[in-house]
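What follows is one structure encoded as structure tokens, with my remarks underneath.
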Amino acid sequence: MTRGERDKVDAGTGSGHVPSGPALTRNGTNLGRVGGYNRAVILDAIRRQDGVSRVELAEQTGLTNQTVSNIVRRLLDDGLVTESGRTPSRGGKPRTALRVRSDACYSVGLHLDPTMSVTVLVDLAGRIVARRRRPRRAPGSDPARLVRGLVPGVTALVADAGVDRSRVIGLGVAVPGPLDTSHGLVVEPPNFLNWHQVALRDALAEGTGLPVVLDNDATAAAIGERWAGGAAREGSFLFIYLGAGIGGGIVHADQVLRGDTGNAGEFGHITVVPDGIPCRCGARGCLEAYCTPAALVAELVHRHGRRAATRIGLTLRPETIRNDCVRLCRAARDGDPAAADVLDRGADRIAQAALTAVNLLDLGRIVLGVDALGPAADMLRDAIDRRVNSQAIARRIRTVAVEPSLLGADAGAVGAASLVLHGRYSPGWSQLRA
Ligand SMILES: [Zn+2]
């Protein structure tokens, strides 16, 4: 399905689906002293559409024509939006189309993962302008040294892209949780040896001279999907990240769900087997104890023996576990019975956790980000789709869409960059409070 077709489904005009999520755009308010919020509502609506008129903005947001005109004039003066072309006529005369000026500002996103660091420069429209990908040779190295090594990469990325440094408004950093977001600390991420309460936010702010925002990698990826995905990511969705660990990021009714400490969305620690095998978090039977690359490979050996592993070509060495998992998924896809059995069981557990999330949060969409499980992505999507659309409480009212990530391997880094843009330019309580 193309983006356009998906939008039609979302608007309730195609394929008999019930529209998922609320109407296209959030309502503004005509009360006084909320100008910042209304401005963000209008900018967000313009950003998410390919050309929209003032009259359409007024219809979509519930703001008066006069308020919309005033806000648009200020956005034009500030260089954040531009008038270009005409919107299609609907009986009346064509109207001037408004679009965001993608080069109005930029932000840098950095995704730190146990094996890799990815840095991107993203424009106001959510497009990647430049990208750097660096393997991390020593995951156990001293955090201070690692941070010192990251700073020149950020500076060089901006310089090489030829972007005016004054237009770069900040650096977003996505790391595995748990985090202490109010103090900017990375607490004790899995597979990051020697990382205990590392003050990553302040160290990077000092090194780069940019304002720095820190967030959980799956939450950042969900924000990136929302920011880059336009109408295809309206409403409520769960972003599931299946990597070295299992993470979840939640956008609920167009708002990011963070919880009281910024650690909401720990999808990997939903119980899928009561009194099951121990998880690194201290509980038993968590999804993550069964469905990480290491857990899937271990389950193959446990259920089908080393012979099956040898037949599929697995090394069974911890340092090449990611490649082993890719091979396992390929073998399952190609019909190896042992591999298919393990992947079927894994997919079933992921689907079970997804059903819990859908029922708890009334989600209209599940977005799947896969790393080592890439070759099994279609199978996983089918398993989740079958489960949530046959068993969720609200199944007769609407269909839950299950879709691949729009951002793929860059989801974490683009999401990190979006943290900065989203924080400054998306409608939310921060503007109302301000
Ligand atoms: Zn756990």
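The range 288-334 and the range 379-414 have Cα centres spaced 25 Å apart.
The relative contact order of the range 206-278, computed from alpha carbon pairs under 8 Å that lie at least 6 residues apart in sequence, is 26 percent. Compactness ratio for the range 166-296: Cα radius of gyration over 2.2 N^0.38 Å (N = residue count) comes to 1.13.
In terms of the Cα gyration tensor, with a ≥ b ≥ c the square roots of its eigenvalues, is the chain rounded because a/c is under 1.5, prolate because a/b exceeds b/c, or oblate? It is oblate, given that a/c is not under 1.5 and a/b is not larger than b/c.
Sites listed here are trypsin sites (Lys or Arg not before Pro) in the range 372-427 whose DSSP assignment is loop and whose Cβ has at most 14 other Cβ atoms within 10 Å: Arg395, Arg396.
Over the chain, dividing the summed -39,500 (n - 2.57) contributions of all DSSP H runs of at least 4 residues by the number of residues returns a 222 nm mean residue ellipticity of -13000 deg cm²/dmol.
Annotation: per residue accessible area for the chain equals 45 Å², rounded to a whole number [probe 1.4 Å, protein chains only]. Of the accessible area of the chain, computed with a 1.4 Å probe over protein heavy atoms only, carbon and sulfur atoms account for 50 percent. Taking a ≥ b ≥ c as the square roots of the Cα gyration tensor eigenvalues, the range 42-92 comes out oblate, since a/c reaches at least 1.5 and a/b does not exceed b/c.
Taking Lys and Arg as +1 and Asp and Glu as -1, the other residues whose beta-carbon sits under 14 Å from that of Ser182 total -2.
Using θ = phi - 60° in the Karplus curve 6.51 cos²θ - 1.76 cosθ + 1.60, the 3J(HN,Hα) couplings for the range 38-55 round to 4, 4, 5, 4, 5, 4, 4, 5, 5, 4, 8, 10, 8, x, 9, 8, 4, 5 Hz; x is entered for Gly and Pro.
The values are calculated or read from the model by the stated rules, or taken from the named source; none is laboratory data. Keep in mind the model is a prediction, meaning the values are calculated, not measured. With ideal geometry, Cβ positions are generated from the backbone for all residues, glycine too; neighbour counts draw on all protein chains shown. Please note that ligands, DNA and RNA were not included when accessible areas were found on the heavy atoms of the full protein model with its side chains. Shrake-Rupley method; radii C 1.70, N 1.55, O 1.52, S 1.80 Å.
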